[in-house]
Amino acid sequence: MTIIGRDRPGLVESVARVVAQNGGNWLESRMSRLGGQFAGILRVEVPAGQEQRMVSALQALSVEGLTVVVHSDQSSQTAVPIRLNILEIVGQDRPGIVNQITHALAEHKVNVEELETECASAAMSGETLFKARAKLSIPESASAAEIRKHLEKIAEDLIVEISLEELTKS
């Protein structure tokens, strides 16, 4: 499910309470405050007989200013072998960096699993730096060397530094 609402104390607790009241188990989540709003994506496990009741209770949180969208995670997709990689980008901020990088990744059928970005003041110059870190799923059928070459060409054009490293399997 996804949740979004104006940030306030107790927002996450209201969702956790509904999940617990319906016999649910909180499996995983990513949540963050950004621009005065609080947004998150989370997975919960709930007994089949409680699912509709929980969804109704979550949607009733709209009176508290919280929008909740629930999707079943029952997927019909078959698993494709992948390699996990970390992409890091640092450079002077300018419009279009995320667009150009993600366009190149999509051309190579790379899935962006996680993406964190920020703009911060550079220590010495005070210029605005753009920083990004992404967790990528690269299909085994894709050439990591070609992807790296494509990203390095974009980095040169954008005048940013790019690092692409494969995560070691544990």
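Each reported figure results from applying straightforward, stated rules to the coordinates on display, with no laboratory input. It should be emphasised that the depicted structure is a prediction, and the values quoted were computed from it without experimental measurement. No Cβ is skipped: glycine too gets one built from the backbone with ideal geometry, and neighbour counts run over all protein chains shown.
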Item to complete: Mind giving me the FRET efficiency for HIS150 and VAL80? R0 is 22 Å, r the Cβ-Cβ distance, nearest 0.05 is fine.
Response: 0.60
Worksheet item: Quick one: Cα centre-to-centre distance for segment 79-95 and segment 18-50, in angstrom?
Response: 27
Worksheet item: From the square roots a ≥ b ≥ c of the eigenvalues of the alpha-carbon gyration tensor of segment 2-69, which class results: rounded (a/c under 1.5), prolate (a/b over b/c), or oblate?
Response: prolate
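Take each complete run of DSSP H in the chain, measure how far its Cα atoms stretch along the helix's own axis, and keep only those covering 15 Å or more with mean Kyte-Doolittle hydropathy at least -1.0; list them. Spell out each step's value before the answer.
Details: long enough: 11-21 (16 Å, 1.08); 97-107 (16 Å, 0.56); 144-158 (21 Å, -0.50).
Within the chain the helices that satisfy the rule are 11-21, 97-107, 144-158.
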Worksheet item: What length, rounded to one decimal in nm, is gained on full extension from GLU107 through to ILE159, with 0.36 nm per residue of separation minus their alpha-carbon distance?
Response: 16.6 nm
Worksheet item: Given R₀ = 30 Å, FRET efficiency for ARG33-ASP73 by Cβ-Cβ distance, to 0.05?
Response: 0.75
Fill in: GNM top mover of GLU88, GLU113, GLU13 - the chain, alpha-carbon springs below 10 Å
GLU13
Worksheet item: Please state the Cα pair-distance histogram of the chain with 10 angstrom bins from zero: what percent is in each bin?
Response: 8, 28, 26, 25, 11, 1
Discussion item. Please report the net charge: other residues with Cβ closer than 12 Å to the Cβ of GLY23, K and R +1, D and E -1.
Written reply: -1
Worksheet, complete the sentence: Across VAL160, VAL110, VAL12, the residue with the highest GNM fluctuation in the chain (Cα network, 10 Å cutoff) is VAL12
Response to the item:
Quick calc: nm separation of the 7 Å Cα→Cβ label points for GLN59 and GLU140 -> 4.2
Fill in: Unit charges on C-beta of K, R, D, E only; dipole of the chain, Debye
420
Worksheet item: Which ³J(HN,Hα) values, rounded to whole Hz and listed in residue order, are derived for segment 24-40 from phi using the Karplus coefficients 6.51, -1.76 and 1.60 in 6.51 cos²θ - 1.76 cosθ + 1.60 with θ = phi - 60°, glycine and proline given as x?
Response: x, 10, 6, 8, 7, 7, 9, 9, 7, 9, 8, x, x, 10, 10, 9, x
Worksheet item: Counting Lys +1, Arg +1, Asp -1, Glu -1, what net charge surrounds SER141 among other residues with beta carbon under 12 Å of its beta carbon?
Response: 0
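Can you show me the helix-derived [θ] at 222 nm for the chain, built from DSSP H runs with n ≥ 4 at -39,500 (n - 2.57) apiece and divided by the number of residues, rounded to the nearest 500. Provide the component values of the computation, followed by the final result.
Working: 4 runs with 46 residues, N = 170.
Mean residue ellipticity, 222 nm, calculated: -8500 deg cm²/dmol.
Which value, in debye to the nearest 20, describes the size of the charge dipole of segment 82-166 about its Cα centre when Lys and Arg Cβ atoms bear +1, Asp and Glu Cβ atoms bear -1, and nothing else is charged?
Working: 9 positive and 16 negative charges, 26 e Å.
It comes to approximately 120 debye.
Around GLU156, under 13 Å between beta carbons, what's the net of Lys plus Arg minus Asp minus Glu among the other residues? Could the numbers behind the result be given before it?
Working: positive: ARG148, LYS149, LYS153; negative: GLU152, ASP157, GLU161.
With Lys, Arg at +1 and Asp, Glu at -1, the net is 0.
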Worksheet entry | Farthest positive-ward along segment 2-69 dipole, Cα basis, beta-carbon charges - from ILE41, ILE4, ALA20 | ILE4
